[in-house]
Amino acid sequence: MSKRSPSSHLRGRFLPAAALVVAALLLGACGITVESQPRSVSARIPDVLQPGATTTTVPAPDVEQVEIFLARNVDDRMQLAKVTRDIDPDGTVNTILEQVLAGPNLEEQEQEFVSPFIEGSTIVGTTLNGTLLEIHLDSLNGFPQDDSTSNRLAYAMLVCTATELIIGAQIQLVQILVERDGELSPINIPVSDGDPPAEGAPVYCANYATFDPRYQAPEG
C-alpha cells in the first residue's frame, strides 16, 4: 500500500460531550455500559436489567482512567498511539468515545499526538448487539471529507478504541450509523486494509492494520 501524506485536517481540538442515553446494559466489573435497544439477553446480568427495565444508575467514582487511540507521525507514517485520560465517568461507552472525537489536549499536543477530527460530529447513542457495537452519530461533519489517509485514520481511531481499549465490553466489530432525515442509517466505512466492506457493513480493527505500529508493509 502506497504511503500518503497526512491531510491538513490533522489538528487537535475539544468537542463538547453530548451523549443521549437510550437505555443501559451493565458490562464487566469496571461499570462500563452501552446503551441498547430492548432485546433478549443470555449472559448473566443484574436483576435490574432483566427484560422490562429500561434504565439503571451505575455508581461511578469521581474520576476514571481510560485509554483511547490518537495518532502520531512516525517516520512519515501515521500510527495509532494510546493515551491515558482521566474522565468524569457516567458509566457509558459514549463518554470514552467522545474523548476520541475531542482530539489531543494541550499536553498531548506538546507530545506530538495528533487527530484528524475537527468539530462537527457528536455521538448521540450506542447500541451493543452481541460483540457488535453500533455508534450513532449526528453527522460526519467532524471527519475528513476527502478520500485520504486522514479520513481512514479517523475511523481507525474510533473503531480500534472501541474494540481494543474499552475494558469490560467484549466488542469485536463496529458499525457506524448517522442521522439522516430523522432516521439512523448505516454508512459505508472507509478502511485501509482488507477488502472493502459491503454497503453499511461493520468493520474490525484489523481493517486498519496499516496504522498499527507493528505493521510491516508487504515487500514489493
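No lab work stands behind these numbers, since they all come straight from the coordinates. Just so you know, these numbers come straight off a predicted model, no measurement behind them. Heads up, the Cβs are rebuilt from the backbone with ideal geometry, glycines too, and the neighbour counts pull from every protein chain shown.
Ordered by packing density, taken as the mean number of other Cβ atoms within 10 Å over each peptide's residues, highest first, how do 155-164, 193-202 rank? Spell out each step's value before the answer.
Details: 155-164: 23.6, 193-202: 12.5.
Result, highest mean first: 155-164, 193-202.
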When only DSSP loop residues count, what GluC sites (Glu not before Pro) in the range 83-156 have their Cβ near at most 16 other Cβ atoms within 10 Å?
E112, E119
